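The values are calculated or read from the model by the stated rules, or taken from the named source; none is laboratory data. Remember, it's a predicted structure, so these values are computed and weren't measured experimentally. Cβ coordinates were reconstructed from backbone atoms using ideal geometry, including for glycine residues, and neighbour counts include every protein chain displayed.
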Amino acid sequence: MAFCRGCAKELHDSAQSCPQCGAVQYPGMSSSPHWSAIVTLILSVLLFLSVLSVDLWDTDSRVGIVLFSMFPISFGIYSLTEEKLRNEKWMSIVGIVLSALSVLCAF
Ligand SMILES: [Zn+2]
């Protein structure tokens, strides 16, 4: 369920404009899947796979993993702060946990 940006009344998710006040909506933003949670999960899985495949005795790889982990962790935190996020929350949490594990492995 989306809410009007103009008058805060409930709107259909795909409504282009508000039938009450005519304010133009951005249905792509309210009804799209929560990309930040999905990006978090994908990046953290990639990170975890790279931890398993690289030579962890190599300082460059370890630094790379720690730097790369900043992306899923910041996306994860960002997506957890999104109010509308409910069903996708597990993806962010799994992503953050996987990233944290990867960083721990790299140390
Ligand atoms: Zn309205």
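With respect to Leu46, is the statement that it is part of a helix (DSSP H, G or I) and modelled with pLDDT of 90 or more true?
Spelling it out, Leu46 is indeed part of a helix (DSSP H, G or I) and modelled with pLDDT of 90 or more.
Give the residue, chosen from Ala8, Ala15, that is within 16 Å of the ligand (Cβ to nearest atom), modelled with pLDDT of 85 or more and not in a helix (DSSP H, G or I).
Only one candidate passes the filter, namely Ala8.
With the requirement that a residue be assigned to a loop (DSSP other than H, G, I, E, B) and surrounded by 13 or more Cβ atoms within 10 Å (Cβ to Cβ), what does segment 50-73 give you?
The answer is Val54, Leu56.
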